[in-house]
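Below is one structure, written out as structure tokens, with a few remarks after it.
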Amino acid sequence: MSVSVSVFLRAPQLPSRDEWQRAIDAAGFRVSLHREFNPTVDAGFVGALHDGRAAGFEFYLDVSAEDSIDGKEALTHRAMFVTHSALRELVSSVVAAATLASVCNGVLRDDDSGETYRGVAAIEYARNVELDCAAELQH
């Protein structure tokens, strides 16, 4: 089973890997994006670390087919984060998505529930996912 979250944003707002990593660090998450990752051109699996252990997610950026994700504004692009079964990968993908949404003033959508989050709410969503997975990740 795969799990996906999406971030709707304007493409020119996409940060560099280093800017994105600084946002992850500033939010207090223990996720590190692969140093060679270039979000403007890379697609497919992105290696990452969570708590110093191997993690990662599939990352795709494309033009959004949705006129307005939350009724507030038209966002032109969609960054999609996909994981399959590993909880550490799920946490890394949600943290990356939430911080991207926060940095870009975008909208994070949980593609399973359809719920959307902006700014601080996106970061809080990622914290809750990480907390929900914490006990399983200790084993």
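Before moving on, here are some points about what is shown:
- 17 Å reach of a label modelled at Ala54, 7 Å along Cα-to-Cβ, counting backbone N of the range 84-100: 84-93
- Rounded to 0.05, the FRET efficiency of the Asn38 and Arg10 pair, given R0 = 22 Å and the Cβ-Cβ distance, is 0.75.
- Kyte-Doolittle mean at least 0.5, axial Cα span of 15 Å or more - DSSP H helices of the chain: 87-104
Laboratory data are not the source of any read-out in this text; all were calculated from the coordinates shown. Since this is a predicted model, take the numbers as computed values, not measurements. Counting neighbours? That spans all protein chains shown, and the Cβs are built from the backbone with ideal geometry, glycine included.
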